[in-house]
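Q: One structure, pasted below without further comment.
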Amino acid sequence: MLRVYGSAKSRALRTLWMVGELNLTYDHKDWLPRSPETRTPEYRALNGNGRVPTIDDDGFILSESMAINFYLAKKHKSSLLPADPKQEALAMQWSLWETDRLDRQIVNHARHTKDLPEAERSADAAKAAWDEIVASFDVMEAALSKSDYLTGPAFTVGDLNVAAALFRALSLDLSRWPKVQAWLNRCWDRPAAKKARAMRA
């Protein structure tokens, strides 16, 4: 059986969304990042970084949420992984792009605008993160002006990976980027996305 280590309040959200899309049966270890459970020798033997998510798929151990999602989509022959190599490459392109251009930036912006205690927030850090987010949303807006999804007309693992990372953007004013806003809402309106989001409660 598939086992997923990681809380929906972490990057494991991506993986929990994916297993929902694939309608897989799985065992869930609902562990937060840096929780005591992730520091045990047993878990470090699975993931030397002590990070989440990690999966154990009948003895196959894999970490890093993007890699996990591509693996699961391919293993289960899901249409979320495009059959066309060019479309598959685009799904990978957007997934990797997100890790560089939005993942850290959206987290830092949230931390320095609302998550951290007010005394620990930095207006400069929030602005620096926001400036990078704006540039990235501009890139996405241009791409989404050509198609409904990042890789073409259909929702793929690339859209899932990016949209999951943009969970915090659901509460942002995205009116400057109407295509991004519509795309993000389409992605998060999917039943598997709603189920994963509910797990954050």
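The values are calculated or read from the model by the stated rules, or taken from the named source; none is laboratory data. Keep in mind the model is a prediction, meaning the values are calculated, not measured. FYI the Cβ positions are ideal-geometry reconstructions off the backbone, even for glycines, and counts take in every protein chain you see. Remember, those area values only see protein heavy atoms, side chains included, never the ligands or the DNA or RNA. Shrake-Rupley method; radii C 1.70, N 1.55, O 1.52, S 1.80 Å.
Q: Using square roots of five times the C-alpha gyration tensor eigenvalues, list the equivalent-ellipsoid semi-axes of the stretch 67-119 in whole Å, biggest first.
A: Over the Cα atoms of the stretch 67-119, the semi-axes work out to 33, 12, 7 Å.
Q: Still on this structure, please answer the following. Computed over the Cα atoms of the stretch 1-118, what is the convex hull's projected area averaged over all directions, in nm²?
A: Values: hull surface 33.3 nm².
Average of the hull's projected areas for the stretch 1-118 equals 8.3 nm².
Q: Something else: State, in angstrom, two size descriptors of the chain derived from its alpha carbons: Rg to one decimal place and Dmax to the nearest whole number.
A: Both quantities, over Cα of the chain: 17.0, 51 Å.
Q: With each pseudo-label sitting 7 Å past Cα toward Cβ, what's the K75-A201 distance in nm, one decimal?
A: Taking the simple label geometry, K75 and A201 are separated by 2.9 nm.
Q: Another question, then. Would you kindly give the portion of the calculated P(r) for the stretch 110-171 that falls above 13 Å, as a percent of all Cα pairs? Please list the in-between numbers first.
A: Working: 1336 of 1891 pairs.
Tail fraction, whole percent: 71.
Q: Leaving out ligands and nucleic acids, and using a 1.4 Å probe, what accessible area per residue does the stretch 36-155 come to in Å²?
A: For the stretch 36-155, the solvent-accessible area averages 55 Å² per residue.
Q: Counting only protein chains, not ligands or nucleic acids, how are M199, M140, M92 ordered by accessible area (probe 1.4 Å), most first?
A: Values: M199 65, M140 0, M92 85 Å².
Listed by decreasing accessible area, they come as M92, M199, M140.
Q: Need one number: nm distance between label points at R44 and N185, each 7 Å from Cα along Cα→Cβ, rounded to one decimal.
A: Result for the modelled spin labels: 4.8 nm.
Q: Could you let me know the centre-to-centre spacing of the stretch 111-148 and the stretch 1-55, using Cα atoms, in angstrom?
A: For the stretch 111-148 versus the stretch 1-55, the Cα centre distance is 27 Å.
Q: With every protein chain left in place, what is the accessible area of H28 in Å² (1.4 Å probe, nearest 10)?
A: Accessible surface of H28 is approximately 50 Å².
Q: Ok, one more. Filter K114/K194; K75/K195; K77/K195; K29/K179 down to the pairs with a C-alpha to C-alpha distance above 26 Å, please.
A: Working: K114/K194 23 Å; K75/K195 22 Å; K77/K195 22 Å; K29/K179 36 Å.
Where the Cα-Cα span goes over 26 Å, the pairs concerned are K29/K179.
Q: Something else now. Work out the length of the dipole vector of the stretch 1-71 about its Cα centre, built from +1 on the beta-carbon of each Lys and Arg and -1 on the beta-carbon of each Asp and Glu, and round it to the nearest 20 debye.
A: 400 debye
Q: Before anything else, pin down the relative contact order of the chain: Cα pairs under 8 Å, at least 6 apart, normalised by residue count, whole percent.
A: Relative contact order of the chain: 23 percent.
Q: Starting from the Cα of V134, step 7 Å along the direction of its Cβ; do the same at K146; then give the gap between the two resulting points in nm.
A: 2.5 nm
Q: I would also like to ask the following. Whole-Hz Karplus ³J(HN,Hα) for the stretch 20-34, in order, using 6.51 cos²θ - 1.76 cosθ + 1.60 and θ = phi - 60°, x for Gly and Pro?
A: Couplings: x, 4, 8, 6, 8, 7, 7, 9, 10, 9, 7, 9, 6, x, 6 Hz.
Q: Per DSSP helix of 4 or more residues, -39500 (n - 2.57); summed, then divided by the residues of the chain. What does that give at 222 nm, rounded to the nearest 500? Could the numbers behind the result be given before it?
A: On the way: 9 runs with 102 residues, N = 201.
The per-residue figure over the chain is -15500 deg cm²/dmol.
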